[in-house]
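Novice: Before anything else, here's the structure in question.
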Amino acid sequence: MEVRSIYRYAKISPFKVREVTREIQGLPVSAALDLVAFSPKKAATLVNKTLKSAVANAENNANLKVDGLVVKEAVVGEGPTMKRMMARARGSGSRILKRTSHIRIILTDEIKIETREQRKAARKTAKKKSSEPKAETGAAQEKAEKPSKKAKK
């Protein structure tokens with residue numbers, strides 16, 4: 001079962017948050033919480049808050065145990081951008097873009113553990129299926145049906 005938590009309108013650039021969310025994706029919740037707790041970035045505190053909220057949702061709403069939860073997705077979307085003005089030389093001004101982001105974390109208890117050998121075997125079977133001989137195309141069949149000029153004489 002999947003459980004999600006969304007932090008909307010976080011006052012930080014999505015680019016900065018994606019750096020943290022990429023690290024926790026696919027990790028067990030306990031490892032993700034440890035990794036985020038000891039990260040010095042501001043984005044880590046926002047992701048930590050969202051992750052704890054998702055864990056609380058799993059415990060209270062879905063009656064799931066925290067031990068078996070894994071971070072399935074950690075996605076950061078762009079929120080609205082606030083435009084501000086900064087005064088520049090000779091009475092002109094330039095824009096400052098204050099970006100916001102939406103942090104979405106999805107936890108799941110369905111763990112699919114795939115070893116390297118299993119991945120290799122899956123790739124080999126996919127290659128074998130794609131390299132099987134294909135049926136002759138229409139143009140090739142027409143050539144085979146037409147008699148050659150030498151045979152007519």
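Novice: Here is a list of conditions, (1) in contact with a helix residue (DSSP H, G or I) (Cβ under 9 Å, 6 or more places away or on another chain); (2) loosely packed, with under 14 Cβ neighbours inside 10 Å; (3) closer than 30 Å to THR21 by Cα; (4) at pLDDT below 95, and GLU78 meets all of them except one; can you say which number that is?
Specialist: Of the numbered conditions (1) in contact with a helix residue (DSSP H, G or I) (Cβ under 9 Å, 6 or more places away or on another chain); (2) loosely packed, with under 14 Cβ neighbours inside 10 Å; (3) closer than 30 Å to THR21 by Cα; (4) at pLDDT below 95, the odd one out for GLU78 is (4).
Novice: Shifting gears a bit: Identify, please: which residue in segment 98-124 is farther than 30 Å from ASN63 by Cα and at pLDDT 95 or above and is, among those, surrounded by the fewest Cβ atoms within 10 Å (Cβ to Cβ)?
Specialist: Among residues in segment 98-124 that are farther than 30 Å from ASN63 by Cα and at pLDDT 95 or above, the one surrounded by the fewest Cβ atoms within 10 Å (Cβ to Cβ) is LYS98.
Novice: I need the full set of residues from segment 81-93 which are hydroxyl-bearing (Ser, Thr, Tyr) and surrounded by fewer than 10 Cβ atoms within 10 Å (Cβ to Cβ), in order please.
Specialist: SER92
Novice: Test each condition in (1) at pLDDT below 95; (2) among the hydrophobic types (A, V, I, L, M, F, W, C); (3) in contact with a Lys or Arg (Cβ under 7 Å, 6 or more places away or on another chain) for ALA144 and report the one that comes out false.
Specialist: Result: ALA144 passes all but (3).
Novice: Quick test for you: out of ARG95, ARG84, ARG90, pick the one residue that is outside any strand (DSSP E or B) and modelled with pLDDT of 95 or more. Break it down into steps so the answer makes sense when it comes.
Specialist: Values: ARG95 fails: outside any strand (DSSP E or B); ARG84 fails: outside any strand (DSSP E or B).
Checking each option against the conditions leaves just ARG90.
Novice: If you don't mind, there's one more thing I want to ask. Filter segment 25-70 down to the residues that are part of a helix (DSSP H, G or I), buried (at least 17 other Cβ atoms within 10 Å of the Cβ) and either among the acidic types (Asp, Glu) or in contact (Cβ under 8 Å) with a residue 60 or more places away in the chain (or both) and list them by number.
Specialist: Scanning segment 25-70 gives a single hit, VAL29.
Novice: Is it the case, given these coordinates, that ASN57 is of a type in the set (S, T, N, Q), within 24 Å of VAL20 (Cβ to Cβ) and out of contact with any Leu (no Cβ under 7 Å at 6 or more places or on another chain)? Outline the logic, then answer.
Specialist: Numbers: of a type in the set (S, T, N, Q): yes; within 24 Å of VAL20 (Cβ to Cβ): yes; out of contact with any Leu (no Cβ under 7 Å at 6 or more places or on another chain): yes.
Considered against the rule, which asks whether it is of a type in the set (S, T, N, Q), within 24 Å of VAL20 (Cβ to Cβ) and out of contact with any Leu (no Cβ under 7 Å at 6 or more places or on another chain), ASN57 comes out as yes.
Novice: Does segment 126-135 include one or more residues that are assigned to a loop (DSSP other than H, G, I, E, B), modelled with pLDDT of 85 or more and small (Gly, Ala, Ser)? Let's see the steps before the verdict.
Specialist: Step one: of segment 126-135, the residues assigned to a loop (DSSP other than H, G, I, E, B) are 131-135.
Next cut, modelled with pLDDT of 85 or more only: none.
For segment 126-135, residues assigned to a loop (DSSP other than H, G, I, E, B), modelled with pLDDT of 85 or more and small (Gly, Ala, Ser): absent.
Novice: Take the residues of segment 5-24 that are under 16 Å from the mean Cα position of the chain (by Cα) and either of a type in the set (Ser, Thr, Tyr) or part of a loop (DSSP other than H, G, I, E, B) (or both): which is surrounded by the fewest Cβ atoms within 10 Å (Cβ to Cβ)?
Specialist: The first filter runs over segment 5-24 and keeps only residues under 16 Å from the mean Cα position of the chain (by Cα), leaving 5-6, 14-24.
Filter once more, keeping what is either of a type in the set (Ser, Thr, Tyr) or part of a loop (DSSP other than H, G, I, E, B) (or both): 5, 21.
On the way: SER5: 19, THR21: 24.
The qualifying residue surrounded by the fewest Cβ atoms within 10 Å (Cβ to Cβ) is SER5.
Novice: Going by what's in this entry, would VAL70 be described as closer than 30 Å to MET1 by Cβ, among the β-branched types (Val, Ile, Thr), at pLDDT below 95 and under 23 Å from the mean Cα position of the chain (by Cα)? I'd like the intermediate steps shown before the answer.
Specialist: On the way: closer than 30 Å to MET1 by Cβ: yes; among the β-branched types (Val, Ile, Thr): yes; at pLDDT below 95: yes; under 23 Å from the mean Cα position of the chain (by Cα): yes.
Considered against the rule, which asks whether it is closer than 30 Å to MET1 by Cβ, among the β-branched types (Val, Ile, Thr), at pLDDT below 95 and under 23 Å from the mean Cα position of the chain (by Cα), VAL70 comes out as yes.
The values are calculated or read from the model by the stated rules, or taken from the named source; none is laboratory data. All values reported here derive from a predicted model rather than from experimental measurement. Cβ coordinates were reconstructed from backbone atoms using ideal geometry, including for glycine residues, and neighbour counts include every protein chain displayed.
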